[in-house]
1. Any idea which residue in region A:45-59 is nearest to the other protein chains (Cβ to nearest Cβ), counting only those that are within 13 Å of ligand 2 (Cβ to nearest atom) and outside any strand (DSSP E or B)?
2. Go through A:131, A:165 for me and flag whichever is within 9 Å of chain B (Cβ to nearest Cβ) and in contact with a helix residue (DSSP H, G or I) (Cβ under 6 Å, 6 or more places away or on another chain).
3. What's the number of the only condition in (1) away from every other protein chain (no Cβ under 13 Å); (2) within 23 Å of residue A:175 (Cα to Cα) that residue A:36 fails to meet?
4. Specify which of the listed residues (B:227, B:275, B:233, B:270) is in contact with a strand residue (DSSP E or B) (Cβ under 7 Å, 6 or more places away or on another chain) and assigned by TED's automatic domain parsing to the domain that holds residue B:295.
5. Could you figure out which of (1) without any contact (Cβ under 8 Å) to a residue 60 or more places away in the chain; (2) within 12 Å of ligand 2 (Cβ to nearest atom) isn't true of residue A:21?
6. Any idea which residue in region B:189-214 is surrounded by the most Cβ atoms within 10 Å (Cβ to Cβ), counting only those that are away from every other protein chain (no Cβ under 12 Å) and assigned to a helix (DSSP H, G or I)?
7. Quick one: which strands (runs of 3 or more DSSP E) lie wholly within region A:174-244 and hold at least 1 residues that are under 30 Å from residue A:124 (Cβ atoms) and either touching a strand residue (DSSP E or B) at 6+ places or on another chain (Cβ under 6 Å) or more than 9 Å from every other protein chain (Cβ to nearest Cβ) (or both)?
Ligand SMILES: Cc1cc2nc3c(=O)[nH]c(=O)nc-3n(C[C@H](O)[C@H](O)[C@H](O)COP(=O)(O)OP(=O)(O)OC[C@H]3O[C@@H](n4cnc5c(N)ncnc54)[C@H](O)[C@@H]3O)c2cc1C
Ligand SMILES: Nc1ncnc2c1ncn2[C@@H]1O[C@H](COP(=O)(O)O)[C@@H](O)[C@H]1O
């Protein structure tokens, strides 16, 4: 089986978000970048599937050179090779075009992504890529088994889940508990250094333009209610906050 | 040139989040000097669908093919793009959901449309079409210009406050021709908790964390939720430990909620948890530790023991 995993390089979940250049650029200073947590689930399941069925596992990132650190980590966890499309991914459609262009040439059986990136949280790149390739796209997938050319999956829906069957090729957005996150071992880290990482230039153009970034208005002070008067809360929620 | 709103039907009625999207779409239509048309797929009566008019729509296209019962993403995408063509719509509006986003993405690729999700305000039409969206899981916002000839806007819950009228919409059947390949994906089973308030749709949420000590104690959380008519939610360790189902886990790696009221009991308020709840209108925190970080993000706080406080709040709600 030929598997592609698409990964994002995103600020660590505890990162403090700020902007520079008159609020037109993300401030990378002091921020640690990690593999998107959902992309990590996709990669972990892909490594397991590769162990079961053989084949190849490629990781793809649309991003600038500083995301190579995350790409190398994916190689250390078990991907065979990597592709980086050299540009800043600011627009979902543009990102999807890059992924679909490569996938159309390489004809993967399975394209795994995260359910959403944690920077833009759009949750749309898998659907865009699926349609661009003319194959089904499903997300968020919490369970995936491959049986020959059939995939058996569980997808989370509002308030529950559904069981799904479809034939490969497929594009899937993954989330827990599809697999346990894998941590690279020493041998993985050593071999990752020499695994092929191909850099290609982007095609097409953005369909959106981010004019400026903003931070939320600071929260007002918290009104503390003494435990012995806890019942007063309900009155405040009704008359003051007007949410009941 | 009308604005088209993609809606979802649940139990014979338009979902609440869809009705918010209808209102949002109608406001956009007003700004563009045109009308708002709703696409509704699934089983519902004409009388029920006509209520989309209360939220500003003038027309509802109703597709009720029995093969469309299962929320099939590819088939729904085809139905929506055919409706866009029929109506000559430029702007497509929908509410964020596991189905909505999936459909919106495929339709964007079909139509070569700009697509932006997590939109939190009405668009600004003063110079091009610009929308404000939340990014970094609610930690920031971006103002984004949509440059495509067509635009798809996925709206976050509570993006605007809805004003209802007594107008009714005209309901027309919509019977597009669907392809066999639209049904390549088979849904073989659905497991859905019934009779409870769905978390992403809920206006009120009662959430609890590891402070509850074990799943056997959840009745005090459910009692308060039931008294309020609220949905229940939990922190990640609680769903990791299987105390609660995964679809209740909120946060950076879980469901993102933006209800009017979020009550957090026995949750510390880790940054990854806050990321999923920070766009709630009002946050109440109950924690025995006065230093719990969650108090910094709260509107109301009670330092106390959840086992004492929650039952007392339930009683107070019932006495209203
Ligand atoms: C990559 C990543 C992603 C993550 N994503 C998420 C996510 O999406 N959602 C999420 O929730 N977490 C997430 N986490 C985990 C997060 O960091 C915290 O560990 C988690 O939110 C803590 O859950 P908790 O508050 O229930 O438990 P704890 O941190 O153990 O806090 C329990 C709280 O209960 C209080 N308490 C105890 N007993 C009582 C009592 N009797 N009465 C009142 N209060 C009491 C304690 O004072 C404490 O504040 C993520 C972590 C990582 C690394
Ligand atoms: N720049 C990117 N490079 C590679 N994959 C991406 C990129 N952006 C998004 N993806 C993939 O698409 C998924 C959904 O992203 P999004 O639609 O931005 O929420 C992510 O979890 C990734 O798997």
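The values are calculated or read from the model by the stated rules, or taken from the named source; none is laboratory data. Nothing here was measured: the structure is a model prediction, and the numbers come from that model. Neighbour counts are summed over all protein chains in view; Cβ atoms, including those assigned to glycine, are modelled from backbone coordinates with ideal geometry.
1. Per the stated criteria, the residue is A:45.
2. Just a single option satisfies the conditions, and that option is A:131.
3. (1)
4. Checking each option against the conditions leaves just B:233.
5. (2)
6. Out of the qualifying residues, it is B:212.
7. Here the list reads A:197-200, A:208-214.
Every residue, every condition in (1) away from ligand 1 (no atom under 16 Å from the Cβ); (2) under 24 Å from residue B:105 (Cα atoms); (3) touching a helix residue (DSSP H, G or I) at 6+ places or on another chain (Cβ under 7 Å); (4) touching a residue at least 60 places away in the same chain (Cβ under 8 Å), yes or no:
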position	(1), (2), (3), (4)
A:52	yes, no, no, yes
A:55	yes, no, no, no
A:75	yes, no, yes, yes
A:84	yes, yes, yes, yes
A:102	yes, yes, no, yes
A:112	yes, yes, yes, yes
